[in-house]
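The values are calculated or read from the model by the stated rules, or taken from the named source; none is laboratory data. Bear in mind the structure is a predicted one, so any value in this text is a computation, not a measurement. We place every Cβ from the backbone using ideal geometry, glycine too, and count neighbours over all the protein chains shown.
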Amino acid sequence: MKSIRLRPGRERSLLRRHPWVFEGGVERGKADAGETVRVEASDGRFLAWAAYSPASAIRLRAWSYDESERIDASLFERRIAKAVEARARLGIDSDAMRLVHGEADGLPGLVVDRYADVLCVQFGAAGVERWKGAIVDALAARCGVHRIYERSDVSVRALEGLDPRTGWLLGDGATDVEIREHAWRLRVDLAHGHKTGFYLDQRENRRRFADLVRQRRVRQVLNAYSYTGGFSVAALAGGAEHVTSVDSSAPALERAIEHVALNGYDPARHQARDADVNRTLREALTGGQRWDAIVLDPPKLAPTAAHAERAARAYKDVNRLALGALTPGGLLLTFSCSGGIGVELFHKIVAGAAVDAGVDGAIVERLGAAPDHPMTLFFPEGEYLKGLAIVKA
Ligand code: SAH
């Protein structure tokens, strides 16, 4: 077993159970991509077993802080079993959920999503890439599935020196899967959809939106950045008269149209617009169009804190426009999935947008990622999705 010696003082993050060591923290030692190494402090004392990633700025990702724990196939079986059991206790009202959420489940770089009887898996780091065979075996055994699809086409793979790869790891067949979320039927394209196919992290917020639409007797809804229309179906389920879905992806909008029909709603109650959200809102403001509720769920504008400033301006612009385009008493559900923008900063951005729009409002709820995307005490990067439900004065 190779050893990696850290620079003095650089043992701190591992001692705090944060699983990453950056390249600058390494004093000496080298290993192959994904190889298990013994990480030691500058005085030689054991800190962790970790996966080495020679191409990545995140040079080490810890598997275990227990010197007696062996890093072998059984470790992956245990971690996967624990992650799957934890989901079973959450009472999730869907047959689609995140079973493994990377670092939070002790499996850095691994994402496993269940869509009905199919798993869709992402290997985003050299460590989990190296253990792919053991991981696939453990998933098949633990989840009782016969089909596992790989969506390792995330951009972080390049940072790890790994080529993108997609395709079946187990079984084969159609990559289009129907799932049930709450009472709704939705279709997920595992091969071409965003992420592993769907935004599972918004599941509880879609449910909550349906409730708020019903309680507040919302009539006209704008679902901005709609993707395949999950929030649009929620709005119709909540009794909205009409929903407009806006997205810049034509295939996503086709799906949104399909979802309205699949759930038995009159297609006349829904309009799909292939357009830029900012532009749509600007046109609405000048044309006098208003909505009783708007969902704003933009793509990740600030992947890291380094992008935060420019992203903050973009978030502020779109929130200002949306607040302006709401009827008095209207409801805004606004989100940021940027890891680089924290809860407090997001609040400030939206408050600034309200000042610029000249509107007052009350925060009626704070929203986050669904519980199958857990956060741990030790890995703050795990908190990425945040949202506010605001009622305009
Ligand atoms: N709320 C959705 C997920 C939204 S993801 C759900 O619950 O499923 C963000 C979406 O924004 C993507 O579908 C992407 O195609 C779209 N998008 C990105 N930039 C855009 C823009 N400038 N205008 C409109 N849509 C955009």
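For this structure, a couple of remarks:
- Selection status of Arg206, within 9 Å of the ligand (Cβ to nearest atom) and either buried (at least 24 other Cβ atoms within 10 Å of the Cβ) or of a type in the set (D, E, K, R) (or both): yes
- Of all residues in the range 51-78 being of a type in the set (Phe, Trp, Tyr) and crowded, with 19+ Cβ neighbours inside 10 Å, the one that is nearest to Arg28 (Cα to Cα): Tyr52
- Residue in the range 358-365 that is of a type outside the set (Gly, Ala, Ser) and within 21 Å of the chain's Cα centre (by Cα) present: yes
- There is at least one residue in the range 287-303 that is within 21 Å of Tyr199 (Cα to Cα), outside any helix (DSSP H, G or I) and among the charged types (D, E, K, R).
- The range 1-27, residues that are basic (Lys, Arg) and within 19 Å of Gly127 (Cα to Cα): Lys2, Arg5, Arg17
- Residue check for Ala322: crowded, with 22+ Cβ neighbours inside 10 Å and out of contact with any Lys or Arg (no Cβ under 6 Å at 6 or more places or on another chain): yes
- Residues satisfying the stated conditions in the range 285-302, i.e. farther than 19 Å from Asp189 by Cα and either crowded, with 19+ Cβ neighbours inside 10 Å or within 10 Å of the ligand (Cβ to nearest atom) (or both): Trp291, Asp292, Ala293, Ile294, Val295, Leu296, Asp297, Pro298, Lys300, Leu301, Ala302
- Single match in Arg282, Arg366 (criterion: part of a helix (DSSP H, G or I), free of Cβ contacts under 8 Å to residues at least 40 places away in the same chain and not aromatic (Phe, Trp, Tyr)): Arg282
- Selection status of Asp113, surrounded by fewer than 24 Cβ atoms within 10 Å (Cβ to Cβ) and touching a Ser or Thr at 6+ places or on another chain (Cβ under 9 Å): no
- Residue match in the range 352-372 (condition: within 16 Å of the ligand (Cβ to nearest atom) and in contact with a Pro (Cβ under 9 Å, 6 or more places away or on another chain)): no
Here's the yes/no breakdown for (1) more than 20 Å from the chain's Cα centre (by Cα); (2) touching a residue at least 60 places away in the same chain (Cβ under 8 Å):
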| site | (1), (2) |
| --- | --- |
| Ser64 | yes, no |
| Ala81 | yes, yes |
| Arg87 | no, yes |
| Gly102 | no, yes |
| Asp105 | no, yes |
| Val111 | no, yes |
| Tyr115 | no, yes |
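- Given (1) over 28 Å from Asp189 (Cα atoms); (2) surrounded by 14 or more Cβ atoms within 10 Å (Cβ to Cβ); (3) touching a Pro at 6+ places or on another chain (Cβ under 9 Å), number of the condition Asp43 does not satisfy: (2)
- Residue match in the range 376-384 (condition: of a type outside the set (Gly, Ala, Ser) and surrounded by 21 or more Cβ atoms within 10 Å (Cβ to Cβ)): no
- Tabulated pairs, the range 286-303, first among the charged types (D, E, K, R), second away from the ligand (no atom under 16 Å from the Cβ), C-beta under 6 angstrom, 6+ apart or interchain: Arg290/Thr327; Asp292/Val218; Asp292/Arg219; Asp292/Gln220; Asp292/Thr327; Asp292/Gly330
- Looking at Asp176, Asp163, just one residue is modelled with pLDDT of 95 or more, more than 19 Å from Met97 (Cα to Cα) and either within 11 Å of the ligand (Cβ to nearest atom) or over 18 Å from the mean Cα position of the chain (by Cα) (or both), and that residue is Asp163.
- Boolean, Leu186 is away from the ligand (no atom under 12 Å from the Cβ), surrounded by 15 or more Cβ atoms within 10 Å (Cβ to Cβ) and either modelled with pLDDT under 95 or farther than 16 Å from Gly124 by Cβ (or both): no
- Which numbered condition Arg282 misses (of (1) near the ligand (Cβ under 10 Å from one of its atoms); (2) surrounded by fewer than 17 Cβ atoms within 10 Å (Cβ to Cβ); (3) within 21 Å of Val318 (Cβ to Cβ)): (1)
- Which listed residue is among the aliphatic types (A, V, I, L, M) and either within 9 Å of the ligand (Cβ to nearest atom) or touching a Ser or Thr at 6+ places or on another chain (Cβ under 7 Å) (or both), from Ala275, Ala305: Ala275
- Among (1) without any contact (Cβ under 8 Å) to a residue 40 or more places away in the chain; (2) closer than 20 Å to Asp105 by Cβ, the one test that Gly9 misses: (2)
- Selection of the range 235-261 for residues being of a type in the set (A, V, I, L, M, F, W, C) and within 15 Å of the ligand (Cβ to nearest atom) yields Ala235, Leu236, Ala237, Val243, Val246, Ala250, Ala252, Leu253, Ala256, Ile257, Val260.
- The single condition among (1) farther than 30 Å from Ala141 by Cβ; (2) modelled with pLDDT under 95 that Met1 does not satisfy is (1).
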